[in-house]
Each structure stands twice: as structure tokens, then as C-alpha cells.
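Novice: Handing you a structure now.
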Amino acid sequence: MSDAWFQGKVAIVTGGSRGIGAATARWLAARGAHVVAASRSGDFPEGAEKPSSIRGFAADMEKNDSVDALFAFCDNTFGALDILVNNAAVIDVAPFTELSDAQWRRMFDINVFGMAHACREAFRRMKPGSAIVNIGSIAGSHGREKFYGFSAYSASKAAVAALSEALSVEGRARGIRVNCVAPGAVDTAMLRQAAPGLQTSAKPEDIAETIGFLCDGSRAAVHTGGVIEVLTNG
Ligand SMILES: NC(=O)c1ccc[n+]([C@@H]2O[C@H](COP(=O)([O-])OP(=O)(O)OC[C@H]3O[C@@H](n4cnc5c(N)ncnc54)[C@H](OP(=O)(O)O)[C@@H]3O)[C@@H](O)[C@H]2O)c1
């Protein structure tokens, strides 16, 4: 499969070692993009479906110097950056009174501050026509059902949506589109950890379709500042 706009484009996908991030890395690579799939492990699932244009890279979104090393690797390897998918996140589920400050800080450090730092590094590099997609959650959406024990995670994902809307304003002047995809329940390791009883037929590949569309400078050229909820059957 190939798609003209993606040919030779350079993408960073954080949280790319599994789940929605790995599916997005495959989606982009299948259309001709070079993809850096970043995660703490730096792994990428091997197998017949792993294109050679996906490179795993070990980077921890909780640490600014680690994020800096990720962007430096991209600079040194490709000398360009066209797409950033900010997908890495963590969740600790616990009643509000039992959730520690350290847990709150870790969720915000990774889910929000790490993402903001990556957006800043991307803004400094990206040329007009580039795209950022930040992954939020319906857990952070105003007016959607909330879940017991998700207080810090929900707050962090609301921040992701607000950050994305705000950056789209500054991105307009630079020709950088910024959108947020906010999924419902998707069958991944995170869902099985956070909500073991929840069943959904939504697969990471379903969300990758929406993320990929928003990255596409030919089809989504006017799309910016959106928080696109992907409501699922979970
Ligand atoms: N699954 C759902 O139902 C659902 C619903 C709504 C929103 N989301 C959002 O979708 C995104 C992807 O979630 P998922 O369900 O695919 O989760 P997942 O299967 O747990 O994958 C999370 C990815 O993030 C990486 N990661 C975690 N902490 C990191 C860190 N500090 N630095 C760098 N990478 C880190 C993990 O790799 P390492 O462990 O190797 O670092 C992994 O690649 C997240 O933003 C999540 O909040 C998921």
C-alpha cells in the first residue's frame, strides 16, 4: 500500500511499541513514511508485518533530556520532521483519596508535560504542511461518562485536549496543523490494566485510521484545532 503524500515523510510516534502507537506506526509506514517508534523499551513488535522503515527508539517521555535525544536522533537520521503523534501515556487507577501526589505527578509528567515538551521541539523543527496529533481520551472530554478511580488520568487527558486546541492557534502561523484524537475503549494492554472487565471490539488499527487521516496533508489539509472523539462499543 502507498499514498503519495506520505512518501518519504518523517514521523515520530511516541508510545510506539504496542497498542495504538504501534498500529499508527504501521499505518504510516505502510504508506511510505519513515517512522521512529519511541517508547521506554525502544522495542517494536517484530514479524512479517514490521516494515523496515520503522525504527524503535528508547525514550522516556517523563524525562526532557530523553525526549531531546529522540528529536536529536530524528535530526541526525533524517534531517526533517513532518509528523508527530504524541501517543505515550500511563494510567494509575485508584480512588481519589488513595491516589498519591507522586502518582498524579507521574501521570501529568508523561501524559501532559512530556507531550508539551515534544510539541515544542516539533514546532521548532517542522516546516509548513506538517502535522501533530495528540492522543487524548473520552475520559477527558467534557460531558462524557467518567470512570471510578480515573481522576488524575481524566484531568491529564482534559489537559491534552486543551493543549491541542491552544497549539493549533499558534500552529496556524507556522502552517502546522494540531489535532487531538480522543478514543473510547480500545482493546490494548492499557485497557486491560485499567478496566479489566470492559469488553470492546475496537482495535488499535481502528484508531490508527483516524490518526492517519489527520496526519495526511492532502486529505486533512484544513483540519486543525479539532478534538475528534472516536466513540467505541466498549
Ligand atoms: N486503550 C484505550 O482504551 C484508550 C482509550 C482512550 C485513550 N487511550 C490513549 O491512547 C494512547 C495509547 O494507549 P494504548 O491503549 O495503546 O496503551 P498501551 O498499550 O499501554 O501502550 C502505551 C505505549 O506508551 C509507551 N509508554 C508508556 N510510558 C511511556 C513513557 N514514559 N515514555 C515513553 N513511552 C511510554 C509504552 O511503551 P513502554 O512501556 O515500552 O514505554 C507503549 O508503547 C494513550 O495516550 C492512552 O491514554 C487509550
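Novice: Give, rounded to the nearest 20 debye, the magnitude of the charge dipole that the chain has about its Cα centre when Lys and Arg contribute +1 at Cβ and Asp and Glu contribute -1 at Cβ.
Specialist: The dipole magnitude comes to about 420 debye.
Novice: Sorting check: for 16-23, 93-100, which peptide has the highest mean count of neighbouring beta carbons within 10 Å, and how do the rest follow?
Specialist: Final packing ranking: 16-23, 93-100.
Novice: Moving to a separate point now. Taking the alpha-carbon centroid of each part, what is the distance from the range 1-42 to the range 60-107 in angstrom?
Specialist: That distance is 17 Å.
Novice: So what's the net charge close to Ala37: Lys and Arg +1, Asp and Glu -1, counting the other residues with Cβ under 11 Å from its Cβ?
Specialist: Neighbour charge sum, excluding Ala37 itself: +3.
Novice: Among Val169, Ser154, Ala195, whose Cα sits farthest toward the positive end of the charge dipole of the range 141-234 (+1 at Cβ of Lys/Arg, -1 at Cβ of Asp/Glu, about the Cα centre)?
Specialist: The residue sitting farthest along the positive end of the dipole is Val169.
Novice: Quick one: in the range 26-145, what % of C-alpha pairs are over 19 Å apart?
Specialist: For the range 26-145, the fraction of Cα-Cα distances above 19 Å is 54 percent.
Novice: Kirkwood Rh, Cα Rg: Rg to Rh for the range 136-189?
Specialist: Reported Rg/Rh (Cα atoms, Kirkwood Rh): 1.07.
Novice: What is the helix-to-structure angle for 115-125, meaning the angle in degrees between its Cα long axis and the longest Cα principal axis of the chain, kept from 0 to 90 and rounded to the nearest 10?
Specialist: Relative to the chain, helix 115-125 is tipped by roughly 10 degrees.
Novice: Count the lysine pairs in the chain whose Cα atoms sit under 26 Å apart, keeping only pairs 8 or more residues apart in sequence or on different chains.
Specialist: Lysine pair count for the chain: 9.
Novice: Points 7 angstrom from Cα along the Cβ direction at Ala116 and Ser201: gap in nanometres?
Specialist: With each label placed 7 Å out from Cα toward Cβ, I get 4.1 nm.
Novice: Something else about it: About its Cα centre, how strong a charge dipole does the range 1-132 have in debye, to the nearest 20, once Lys and Arg get +1 and Asp and Glu get -1 at the Cβ?
Specialist: Rounded to the nearest 20 debye, it is 440 debye.
Novice: Moving on. Tell me the label-point distance for the pair Phe213, Asp68, using the 7 Å Cα-to-Cβ offset, in nm and rounded to one decimal.
Specialist: In this crude label model, Phe213 to Asp68 measures out at 3.9 nm.
Novice: Okay, next question. On full extension of the chain, what length is gained from Thr97 through Asn76, given 0.36 nm per residue of separation minus the C-alpha to C-alpha distance?
Specialist: 3.0 nm
Novice: Nearest 500 deg cm²/dmol is fine: what mean residue ellipticity at 222 nm does the chain get from its DSSP H runs of n ≥ 4 alone, each adding -39,500 (n - 2.57), divided by its residue count?
Specialist: Taken over the chain, the calculation gives -12000 deg cm²/dmol.
Novice: A further question follows. Using the basic label-point model (7 angstrom from Cα toward the beta carbon), what is the Asp43 to Lys146 distance in nanometres?
Specialist: 3.5
Novice: Then there is this: Quick one: give the max-minus-min coordinate of the C-alpha atoms of the range 149-234 along each principal axis, largest first, in Å.
Specialist: 45, 28, 17
Novice: Find the all-direction average of the projected area of the Cα convex hull for the chain, expressing the result in square nanometres with one decimal place. List each step's numbers first, then the result.
Specialist: Values: hull surface 47.9 nm².
For the Cα atoms of the chain, the hull's average projected area reads 12.0 nm².
Novice: Quick one: the Cα spread of the range 103-182 along its three principal axes, in angstroms, biggest first?
Specialist: 42, 25, 13
Computed from the coordinates by the stated procedures, all read-outs in this text should not be read as laboratory data. Keep in mind that what you see is a predicted model, and the values were worked out from it rather than measured. Cβ: placed from backbone, ideal geometry, glycine included. Neighbour counts: every protein chain shown.
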